[in-house]
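The block underneath contains the structure these notes are about, expressed in structure tokens.
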Amino acid sequence: LRPPIPVPQTLTSLLPSSHSYRGLTLVLTFLSYTSYHLSRKPISIVKSQLHPNCSTLGPNPHNDSNSTTWCSWAPFDGDNYKELFGALDNAFLVAYAIGMFISGIFGERLPLRYYLSGGMVLSGLFTALFGLGYFWDIHVLWYFIVVQVCNGLVQTTGWPTVVACVGNWFGKGKRGLIMGIWNSHTSVGNILGSLIAGAWVSSDWGLSFVVPGIIIAVVGIICFLFLVEYPEDVDCSPPVHHVMTTSEKDPEAVTSNEGPLSLSGQSSVGHSNSPKEPAEEPEAISFLGALRIPGVVEFSLCLLFAKLVSYTFLYWLPLYIVNVAHFGAKEAGDLSTLFDVGGILGGIFAGLISDYTGGRATTCCVMLVVAAPMLFLYNHVGQNGIGTSIAMLIICGALVNGPYALITTAVSADLGTHESLKGNAKALSTVTAIIDGTGSIGAALGPLLAGLISPTGWNNVFYMLIAADVLACLLLARVVVKEARGWCGPMARQRGYVVS
């Protein structure tokens with residue numbers, strides 16, 4: 001039996017209803033993952049400062065230094081600096097991808113609150129250590145790579161945990177819209193990370209890492225004190241994950257033998273004051289068992305290519321803007337936040353449409369199809385004026401991050417509470433980790449490939465992104481066909497046709 005995690009009594013007295021606990025869970029998990037992305041973003045902003053155009057800074061004060069790279073930060077002052085930046089990104093993302101598959105398994109077996117807060121404090125430590133390399137005057141590549149590897153591993157504690165917490169509190173009813181809005185933490189974190197890093201990038205770039213490191217550690221402590229993992233821990237009823245046929249019109253309310261359940265999942269007859277009988281805790285699902293859930297493999301492989309595109313923009317967009325549009329490091333960082341603004345809009349739109357149509361895969365596929373020509377247009381006309389650049393960045397951000405957001409939130413929660421599990425909620429973290437872990441392989445490949453391809457020209461980088469976008473769409477073809485058949489069946493019956 002799993003003993004309930006103790007919650008501060010002051011918090012229990014302040015939050016008497018299930019609605020309030022749900023709101024608290026959304027806010028805390030939102031702040032938590034905002035801080036995770038806030039701490040990942042500085043490296044993309046600082047890249048242009050580690051190897052700037054020294055000729056724009058005036059004469060070389062060091063006569064014995066290279067005249068074109070005297071202001072660069074060794075070891076990134078060589079001609080291979082793009083490959084070294086790619087190695088830094090790859091160190092973090094490969095560690096993240098490997099750690100994610102393991103993290104989901106631990107997340108099902110450890111208290112979520114302890115696991116999340118511990119990972120956040122460690123993430124703050126390693127983020128700050130990267131920035132301390134500036135103040136300690138470290139110029140050894142392996143120092144920065146080791147810090148990135150450690151940070152990638154501990155950051156895997158975040159995503160499976162926050163999705164599991166939200167999934168424990170919210171049923172399937174309007175999950176796409178709720179999680180679409182909630183998933184804006186990714187873009188909000190990227191925006192705040194860009195702005196915070198940009199404030200010090202041209203003066204003391206070490207603070208661009210130290211300050212976000214402090215922020216994520218503080219938020220981790222707050223989550224440790226106040227996050228509630230399960231409704232049962234505070235005497236609330238769990239949500240409805242699967243809607244019976246008789247209640248399809250109101251997916252958040254079902255009727256049981258004990259009486260109708262309200263939106264909060266509590267009986268409208270009244271909440272019993274008698275203590276609950278402890279139920280036997282179901283076993284956590286195995287890795288292979290999670291792979292057998294219908295749709296897990298397809299969405300995982302789709303996310304691999306969708307996240308490849310998204311993370312290439314995350315790590316390389318500021319440098320692309322500097323090289324192509326010739327903005328300064330701070331201006332490029334600020335402009336790159338518009339891609340994340342589009343991501344917020346795209347995630348909400350994808351969640352809303354998929355809730356209305358019931359077609360998660362179809363929504364993703366349509367957005368991916370439209371994204372391919374938009375990426376081509378951005379590369380060729382996106383720098384023809386500040387207005388055009390702003391519009392194209394928002395549109396591309398919405399189309400690229402919309403499917404990515406939908407798969408990592410609502411789709412993961414749907415599959416983690418799939419009807420084949422027969423009510424076993426001990427699969428949320430594992431399924432989320434499998435999907436996001438597979439996606440993280442693409443997230444590792446994208447920046448690495450961009451670092452290898454960019455010396456041959458930015459056009460080739462965008463061709464790679466377009467190809468990945470098309471592959472992501474094709475991998476969902478089987479699920480899209482299944483959804484289409486599901487729509488055609490009721491329509492045919494309404495018209496009097498026989499469906500075999």
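The values are calculated or read from the model by the stated rules, or taken from the named source; none is laboratory data. Quick caveat, the model's predicted, so the values are computed rather than measured. Quick reminder, even Gly has a Cβ in these numbers, built from the backbone with ideal geometry, and neighbours come from all protein chains shown. Areas reflect the complete protein model, heavy atoms only, side chains present, ligands, DNA and RNA absent. Shrake-Rupley method; radii C 1.70, N 1.55, O 1.52, S 1.80 Å.
Classified by the C-alpha gyration tensor, region 95-153 has an oblate form. Its axis ratio a/c, with a ≥ b ≥ c, is 1.5 or above, and a/b does not exceed b/c.
Compute the accessible area per residue over region 321-419, keeping the other protein chains in place, probe 1.4 Å, unit Å². Write out the running numbers ahead of the final one.
Values: 3430 Å² over 99 residues.
Computed with neighbouring chains in place, this is 35 Å² per residue.
Ordered by packing density, taken as the mean number of other Cβ atoms within 10 Å over each peptide's residues, highest first, how do 371-381, 343-353 rank?
Details: 371-381: 17.5, 343-353: 24.3.
So the peptides 371-381, 343-353, ranked by packing, come out 343-353, 371-381.
For region 149-221, the share of accessible area belonging to carbon and sulfur comes to 78 percent (1.4 Å probe, ligands and nucleic acids excluded). Available extension along the chain between Leu225 and Asn323 is 30.8 nm, counting 0.36 nm per residue and deducting the alpha carbon span. The alpha carbon gyration tensor of region 131-213 gives principal lengths a ≥ b ≥ c with a/c of 1.5 or higher and a/b no greater than b/c, which makes the shape oblate.
Inter-label distance, Asp235 to Ala467: 6.1 nm, where each label sits 7 Å from its Cα along the C-beta direction.
Going by average Cβ neighbours within 10 Å, how do the peptides 328-340, 22-34 rank, with the highest at the top? Provide the component values of the computation, followed by the final result.
Numbers: 328-340: 22.8, 22-34: 20.3.
By packing density, highest mean first, the sequence is 328-340, 22-34.
Each residue of region 75-81 is assigned a 3J(HN,Hα), and the resulting list reads x, 9, 9, x, 5, 8, 4 Hz, derived from the Karplus form 6.51 cos²θ - 1.76 cosθ + 1.60 (θ = phi - 60°), x at Gly and Pro.
Sort 184-194, 132-142, 211-221 by packing, meaning the average of other beta carbons within 10 Å per residue, with the highest value first. Write out the running numbers ahead of the final one.
Numbers: 184-194: 24.6, 132-142: 13.5, 211-221: 21.2.
The peptides rank, most packed first, as 184-194, 211-221, 132-142.
Multiplying the residue separation of Trp487 and Phe287 by 0.36 nm and subtracting their alpha-carbon distance yields 68.8 nm.
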